[in-house]
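Heads up, the thing below is written out as structure tokens.
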Amino acid sequence: MARNTASQKKSVLVFFVTFLSWFGIWSTLQVNVLLDFGIPVSRAITDSVISNLLLEAFCLLIINNMRYYLPKKEKYWYTLIISFGLSCLWLLLLRIILWRVFKTDTAYLTMLAHTSLIRFAIAFLIIGCCTVLSLLWYSQQDQQADNERKQAMERLAREAELNKLRQQLQPHFLFNSLNSISALTGSQPEKARHMIQQLSDFLRGTLKKEQQQWTSFEEELQYLQLYLDIEKVRFGYRLQTQIETEPAAMQMHLPSMLLQPLVENAIKFGLYDTIGEVTIFIQAKKVNDLLEVSVQNPFDETTSAPVKGTGFGLSSIRRRLFLLFARHDLLQIKKEAQQFITTISIPQQNESNHN
């Protein structure tokens, strides 16, 4: 906003300098023209000053009025009527003023009468140009303001959709955790209490992260560990995790709460249709200016229940990445050697965008 204000002030300053310079040049030319008509220097200068000061006043009047009223496209012909009317008024006032100033100079008054038509034509051109330029300037300003409002509305809509996507990540996990706690309450109360504490810490972290748009990978990994601890209570020895990260990736940034649904998808595909031990492999590395995170889990197409789309929760992750980066290629999925591998690539933005 401050930058826009400074730019507008600079534009206004440039306009007035140009405006005054142009009238200064025209006033000088008018003096020379009057001298060619045999008008004395003092009278030529007086005529030029009065004529152009009055003309400047009319131009400033039309420029100021255009700030509050802009004719629509179908009414642009109004500018011709306005320019014609103001030119007539200018010529009338000019003749009255100059007649009062030089009423004893018959030769000058004769010249004034003979040059009235050309004076009117010049005034009409100048006022008309000011009218058209003002119309273009203020129309452009209005269009720019409309574009800024449209961008603000689109940004708010995008943020609202992002918030909605983020808020939809937790319900099914919360229900599963509560069911597990309920099952453990009778047989293993200590483990149930421990899981409740872990769930409380996880939800507290969720509320904190909902206030952040971006977070470092190191912080996201700590938050993910809370989730994995809860899942390990649910699945016991069956759930094993292996995490490999490059040191350079730890301080890179990514949208907050993005890894948890990715790992949750891997747990669904890896554990829900098996009874043995499953290892979820998580790897993070820096690739050029991208943070690349891949999540890998065993996948047996012959025993896995059919699912629609690319996987559980992945459509919402893909949508969120598109809203943030306007790219469809940041989430890649592949199946090889009975392994389901999901990879996300996060472009690194300016530090000011990581707040």
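A short reminder: the numbers here are calculations on the coordinates, not readings from a lab. The structure displayed is predicted, hence computed values, not measured ones. Using ideal geometry, Cβ is built from the backbone for each residue, glycine included, and neighbour counts are taken over all protein chains shown.
Observations on the structure shown:
- In terms of Cα atoms, the Rg and Dmax of the stretch 14-128 work out to 15.4, 49 Å.
- The stretch 75-121: trypsin sites (Lys or Arg not before Pro) in DSSP loop, at most 13 other beta carbons within 10 Å: LYS103
- Cross-link pairs exceeding 30 Å between alpha carbons, from the set LYS150/LYS285; LYS232/LYS285; LYS191/LYS334; LYS191/LYS335; LYS232/LYS286; LYS191/LYS286: LYS150/LYS285; LYS191/LYS334; LYS191/LYS335; LYS191/LYS286.
- Other-chain or far-sequence residues with amide H under 5 Å of THR241's (modelled H): ILE280
- A cut-off of 5 Å between modelled amide H atoms, ignoring neighbours fewer than 5 places along the same chain, links PHE299 with GLN339, PHE340.
- For GLN348, the residues whose amide H sits under 5 Å from its own are LEU291, ignoring neighbours fewer than 5 places away on the same chain, with H placed 1.01 Å from N.
- In nm, spacing of pseudo-spin labels at PHE84 and HIS328 (7 Å Cα→C-beta vector): 5.6 nm
- Debye intensity ratio I(q)/I(0), log10, the stretch 80-158, q values 0.18, 0.26 Å⁻¹ (C-alpha model): -0.79, -1.10
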